[in-house]
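The values are calculated or read from the model by the stated rules, or taken from the named source; none is laboratory data. Because the structure is a prediction, the values reported are computed rather than measured. Neighbour counts are summed over all protein chains in view; Cβ atoms, including those assigned to glycine, are modelled from backbone coordinates with ideal geometry.
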Amino acid sequence: MTRLADVEATRILNGFQRDARAMLEQLLPSLRHRGFYPDASVDGWGDSRGGRGTASTVVMTSPKWLKPLDKTKQLARLRLELSESSKWTVLVSVVAQPDQTYPWPPTSEADWWTDLRERIRAQIIEYHDAKAVLPAE
């Protein structure tokens, strides 16, 4: 990668980190106040390879309130990665759901974040409701 490409990658990763954190943090009040996941929090970090930024990960965790089988304690995880072929991909993981992959950037970024936030909210609530009716393990 050239210096200009490094600067652009850093800009993309930092923007994703900021927007992903903001989107997941918007979900916290409804998850906490309803009593679903009162300890839920959001954290994020970047990954690098050879001194260059190559990925950004943001997670929403709930250490005390997930089933024992959910060892990661992650309600949701968003990861933007730069492949060896210089293509950006977002991996979205929501508890008890199959992972989904999207090309980055989306056509309409603002709409994408809004739609993703609502999908994640619905999937977390669905997980919570299903967990509530399961017999004790």
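The set of residues in the range 80-103 that are within 24 Å of residue 53 (Cα to Cα), modelled with pLDDT of 90 or more and crowded, with 16+ Cβ neighbours inside 10 Å comprises 80, 81, 88, 90, 92, 93.
Once the range 1-29 is narrowed to residues that are surrounded by fewer than 13 Cβ atoms within 10 Å (Cβ to Cβ) and in a helix (DSSP H, G or I), the residue that is nearest to the chain's Cα centre (by Cα) is 29.
This table checks each residue for (1) among the aliphatic types (A, V, I, L, M); (2) within 25 Å of residue 13 (Cβ to Cβ); (3) part of a strand (DSSP E or B); (4) at pLDDT below 90.
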residue	(1), (2), (3), (4)
111	no, yes, no, no
117	no, yes, no, no
122	yes, no, no, no
128	no, no, no, yes
